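Here's the structure, in structure tokens; my notes come after.
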Amino acid sequence: MNAPRRIAVVGAGLAAVSTCDALRAHGYDGDLVLYSAERGLPYDRPPLSKNVLLGKDRREDVLLRPEQWYDDQRVRLREGTVVQAIRPRPGGVELADGVIEPADRIVLATGGTPRTLPVPGGADPEILLLRTWEDAQLLRERLLPGARVAVVGAGLIGAETAAVATTLGCRVTLVDPVGVPLAPVVGDDIATALHDRHRAEGIDVVTAAVDRVERRGRRFLIGLSGYGGTVAADTIVVGIGIRPATQPAEAAGLRVDDGVLVDADRRTSHPAVHAVGDVAREAGRRTRHEHWEAAQRDGDAAARGILGLPATDPVAPWFWSDRHGTRLEAIGTMAEAERTVLRGAVDSGAFLALGLRGERVVAAAAIDRTRDIRTVRRIIDRRVTVDPSALADESTDLRSMLTR
Ligand SMILES: Cc1cc2nc3c(=O)[nH]c(=O)nc-3n(C[C@H](O)[C@H](O)[C@H](O)COP(=O)(O)OP(=O)(O)OC[C@H]3O[C@@H](n4cnc5c(N)ncnc54)[C@H](O)[C@@H]3O)c2cc1C
């Protein structure tokens, strides 16, 4: 395909901004238009469930790029402009008023929308979700000392929200049908330590599925199956995952299956359309990587693909999550491991779980062990063979395994 003259990037989250950044860094000199359904300068989402909820970060603290960057990089930001449809052939994006703006490449970076509870009463607009700046402001107003807050879903965002609400003096109930949430992602040991910590911090942890939500005036009653009771709450916030925003891709006939399917270059089933970030799923992988770093790396991969540059070597995916003053980090895919080796004492609160397949580390998760996680990532990416007993032995420096 010829070098593009105009690229339309649909969405203006991290994946979109990273794509623009990478296109310019790799020498793309043509037009770049960023279509954003939201108003204002694009912002980062991880602080929403952390410092923004705590009231420590303002909007200007969480911008993805300063205003000047858009001028410097010649990125035309179209705020509050929803792309209704994409027209890969002859090439353009259709806006709400029916106008088609031309583009010879399209990058879909539309992210996703939070799932609502699929039970009677579950779609009540007073039940809060957390994805946007506005969602975070609404939730923050409700996190008053003494308020009864029910958090449904103890995954990453639910756990962080429960922790912040506790810090702000709310009486928090955390509801999840799974006894030890996150175990498939971080392994049993880390998942158990994380979940136990909620209880230690005074959160009422309930293992049950929500089967209905009823309004009682301005309050809620949550019905729970298999629990023999209900939970009363002033505020409910739901964190049970997202639905990838695939509608424009589906309507254009692109291959979609729990995300827009892409190859390693983030190219979709249409050669002029790429997809990046939370909305994309690499064909052959079981899940989408709904994490910050994956969105950023996708931008670079798509830019290289569009410009015909060689791809970089793949790296193990990484994410972090902050709760109760501790940091969880994980790399790789724990489900691929045959067994787990622990490094560090579980009671110390700061330890590492390494997932092994044969003599290779394929995944790791850690609480408050950032330096080790960095080293383990290199061990995974370089496919180093390891001695499992040395991994477990704290007196063996993990870095020494890289030099063998
Ligand atoms: C509260 C919260 C906390 C998080 N914390 C962490 C964390 O601690 N660690 C971590 O690794 N990850 C974290 N993440 C995940 C990480 O932020 C996401 O993976 C990342 O933001 C995905 O970026 P994206 O650009 O793919 O999608 P998004 O950031 O969702 O951006 C998509 C944008 O596209 C816009 N859009 C959609 N459709 C259209 C359309 N048709 N036309 C125009 N615009 C459109 C949307 O309005 C949105 O602005 C967190 C996410 C949230 C929500």
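Listed here are the helices (runs of 4 or more DSSP H) enclosed by the range 133-202 that have at least 1 residues being under 26 Å from residue 362 (Cα atoms) and within 20 Å of the chain's Cα centre (by Cα): 156-167, 183-186, 188-200. Just to be sure, is residue 101 over 19 Å from the mean Cα position of the chain (by Cα), of a type in the set (D, E, K, R) and within 15 Å of the ligand (Cβ to nearest atom)? Taking the combined requirement at face value, the residue satisfies it. Checked against (1) free of Cβ contacts under 8 Å to residues at least 60 places away in the same chain; (2) of a type outside the set (A, V, I, L, M); (3) crowded, with 21+ Cβ neighbours inside 10 Å, residue 278 passes all but a single condition, namely (1). One residue stands out in the range 118-132 among those that are part of a loop (DSSP other than H, G, I, E, B), under 19 Å from residue 170 (Cβ atoms) and in contact with a strand residue (DSSP E or B) (Cβ under 6 Å, 6 or more places away or on another chain): the one that is farthest from the ligand (Cβ to nearest atom), namely 127. Number of residues in the range 9-27 that are within 8 Å of the ligand (Cβ to nearest atom) and in a loop (DSSP other than H, G, I, E, B): the value is 3.
Number of residues in the range 219-243 that are within 19 Å of residue 135 (Cα to Cα) and outside any strand (DSSP E or B) equals 4. Right, residue 74: surrounded by 16 or more Cβ atoms within 10 Å (Cβ to Cβ), over 19 Å from the mean Cα position of the chain (by Cα) and more than 30 Å from residue 169 (Cβ to Cβ) or not? Spelling it out, it is not the case that residue 74 is surrounded by 16 or more Cβ atoms within 10 Å (Cβ to Cβ), over 19 Å from the mean Cα position of the chain (by Cα) and more than 30 Å from residue 169 (Cβ to Cβ). Within the range 387-400, residues that are closer than 18 Å to residue 355 by Cβ sit with their Cβ atoms under 8 Å from residues that are at pLDDT 90 or above and exposed (fewer than 14 other Cβ atoms within 10 Å of the Cβ), at 6+ positions apart or across chains, in these pairs: 387/359; 388/359.
The condition (being surrounded by fewer than 23 Cβ atoms within 10 Å (Cβ to Cβ) and away from the ligand (no atom under 16 Å from the Cβ)) is satisfied by just one residue among 115, 171, 87: 171. The set of residues from the range 304-330 being at pLDDT 95 or above and among the acidic types (Asp, Glu) comprises 322, 329.
The values are calculated or read from the model by the stated rules, or taken from the named source; none is laboratory data. In this text the structure is predicted, and so the values were computed from the model without any measurement. Cβ atoms come from the backbone with ideal geometry, glycine included; neighbour counts cover every protein chain shown.
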